[in-house]
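Read the structure below first, then the notes.
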Amino acid sequence: MLKFKSLIMTILSLLLPLSNNALADGIAKPWQIGFQQAASPLATAAIETHNFVMFFMFAVLFFVLFLLAYVCFRFRAKNNPNPSTRTHHVLLEIIWILIPTIIIMVIAVPSVKLIYKQEVIPKTEMTLKVTGYQWYWAYEYPDFDSISFDSYMIKEEDLKPGDIRLLDVDNEVVLPIETYIDVHVTSGDVIHSFAMPSFGIKTDAVPGRLNQTWIYIEKPGVYYGQCSELCGAYHAFMPIKIRAVSKEEFKKWILVAQQKFAELESNQQYKIASN
Ligand SMILES: [Cu+2]
């Protein structure tokens, strides 16, 4: 019954233009069909563009469906024993070229606007560097004494109550809300893709190349994403977990993280040295 209800809700929200699907918060829900709830201006813009284009898609779909049904019925052999032999009709040809052209132009305007919004990085306040590896993500905060750490998925046998299978990680990314964040994405081996549905970003992590995108998280919460470029055997096991907190909490986290990851690193170096 619950499944049925959420299915109906999803269908309704898909049909309502400009609806901002409120089914999820940073994570996909069972039986969800629509988008995850937007938590950044890019995600909002992408969902609005999607809804706008969907309107025309459905209009064209139903119009063509209607024409097909009409032709099948009206011009069937029994109803139309003497078929027309007309091969050209100037006005009709002008109409069926002009109308699709206008539709494409109307769709192009918000699409290009969206691309511009995605590609032009606003003035940012901090940087997060993301590096994809087989099969985990490494993060760096170059603005804060180069905090850096690796983030591995928690294996099924190590899950604690409340952890989410295939999505929770050992070291989560913590970011401040209401901050323009520059995200640099690259890879250490093969092509990965850093995708965060709630932030409306999906940026390829390409070895030897630095890709750039930006996020501005509107509300605190935990947001999940996954590698979205087939990168090998454990492609499905390198999730992204981002915790968005207030600016004050972020400052506190920075202090803790600087200590924690510096200790981790010196332990590792000690291990390497003593081997
Ligand atoms: Cu990957």
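Before moving on, here are some points about what is shown:
- Only residues that are closer than 17 Å to Asp182 by Cβ and of a type in the set (Val, Ile, Thr) were counted in the stretch 202-239, giving 4.
- Residue check for Val112: modelled with pLDDT of 95 or more, of a type in the set (A, V, I, L, M) and surrounded by 15 or more Cβ atoms within 10 Å (Cβ to Cβ): no
- Answer from Val190, Val130, Val185, Val173 - the residue that is modelled with pLDDT of 95 or more, of a type in the set (A, V, I, L, M) and within 18 Å of Val245 (Cα to Cα): Val173
- Top-ranked residue of the stretch 58-73 - restricted to ones that are aliphatic (A, V, I, L, M) and out of contact with any helix residue (DSSP H, G or I) (no Cβ under 9 Å at 6 or more places or on another chain), ranked as nearest to Pro197 (Cα to Cα): Leu61
- Residue selected from the stretch 89-139 under the condition under 18 Å from Tyr216 (Cβ atoms), in contact (Cβ under 8 Å) with a residue 40 or more places away in the chain and hydrophobic (A, V, I, L, M, F, W, C), by the criterion nearest to the ligand (Cβ to nearest atom): Val130
- Residue in the stretch 43-54 that is surrounded by 14 or more Cβ atoms within 10 Å (Cβ to Cβ), at pLDDT below 90 and in contact with a Gly (Cβ under 7 Å, 6 or more places away or on another chain) present: no
- Restricting the stretch 161-200 to residues that are among the aromatic types (Phe, Trp, Tyr) and more than 12 Å from the ligand (Cβ to nearest atom), the residue that is surrounded by the fewest Cβ atoms within 10 Å (Cβ to Cβ): Tyr180
- Within the stretch 228-244, the residues that satisfy the criterion of being farther than 12 Å from Val169 by Cβ and either buried (at least 18 other Cβ atoms within 10 Å of the Cβ) or not aliphatic (A, V, I, L, M) (or both) are Ser228, Glu229, Cys231, Gly232, Tyr234, His235, Ala244.
- Candidate set from the stretch 201-219 (those that are buried (at least 16 other Cβ atoms within 10 Å of the Cβ) and part of a loop (DSSP other than H, G, I, E, B)); member that is farthest from the ligand (Cβ to nearest atom): Glu218
- Counted residues, the stretch 134-172 - those being touching a strand residue (DSSP E or B) at 6+ places or on another chain (Cβ under 7 Å) and outside any loop (DSSP other than H, G, I, E, B): 13
The values are calculated or read from the model by the stated rules, or taken from the named source; none is laboratory data. All values derive from a computational prediction rather than experimental measurement. Here the Cβ is made from the backbone with ideal geometry for all residues, glycine too, and neighbour counts use every protein chain on show.
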